[in-house]
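Note sheet for the following structure.
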Amino acid sequence: GLRDYKVRAVEIDAPEMAQPYGPLAKGYLESICIRRKATIEVLLPEENGLYMGRIICNGITVRTAMVDEGLAWVSRRYSRDRILRGAETQARKKRLRLLSDARPIPPWRYKPDPNDPVSPPLFPFVRH
């Protein structure tokens, strides 16, 4: 039967839910992936029920789509993908969503309130 998996999209970092564009990023991701066929290239083994990998939902590469829409940053620490970085540069030039701010705060610098229940990291939930 069908099973739910928690998958963290590698090479990108989306805003936290409490950050500007966090809910929009989550909604966009859900519009791509929820109840859609998903393929996951697992790059890191499961840790506490979480898989890390590249996600393709219904033929759409999640990391590229999120960056193209200005709803995620390319992870400077983990990505060497020049095409993905180029997509972020184009989104920044177009001033799309989270990249429209002159000095947006990326999630890795954002310090959410530990008592705020609406600021968990964004994890795509993919049914496989």
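For residue 26, go through the aspartates and glutamates and keep the ones whose alpha-carbon is under 13 Å away, minus same-chain ones fewer than eight residues off.
The reachable aspartates and glutamates, counting only those whose Cα sits under 13 Å from residue 26, are 13, 16, 69.
List the aspartates and glutamates whose Cα sits under 16 Å from the Cα of residue 37, skipping any in the same chain fewer than 8 residues away.
Candidates past the 8-residue exclusion: 4.
Give me the log10 of I(q) over I(0) for region 48-90 at q = 0.17, 0.25 Å⁻¹, as the Debye formula computes it from C-alpha points; what are the numbers?
Reported log10 I(q)/I(0), two decimals: -0.49, -0.93.
Would you check the accessible area of residue 41, probe 1.4 Å, heavy atoms only, in square angstrom rounded to 10?
Residue 41 exposes around 90 Å² with every protein chain in place.
Across bins of 5 angstrom width beginning at 0, how are the C-alpha pair distances of region 1-94 distributed, in whole percent?
For region 1-94, the pair-distance distribution reads 3, 13, 22, 26, 22, 10, 3, 1, 0.
The values are calculated or read from the model by the stated rules, or taken from the named source; none is laboratory data. All of these numbers come straight from a predicted model, not from anything done at the bench. Accessible surface is based on the protein model in full, side chains and every heavy atom, while ligands, DNA and RNA are left aside. Shrake-Rupley method; radii C 1.70, N 1.55, O 1.52, S 1.80 Å.
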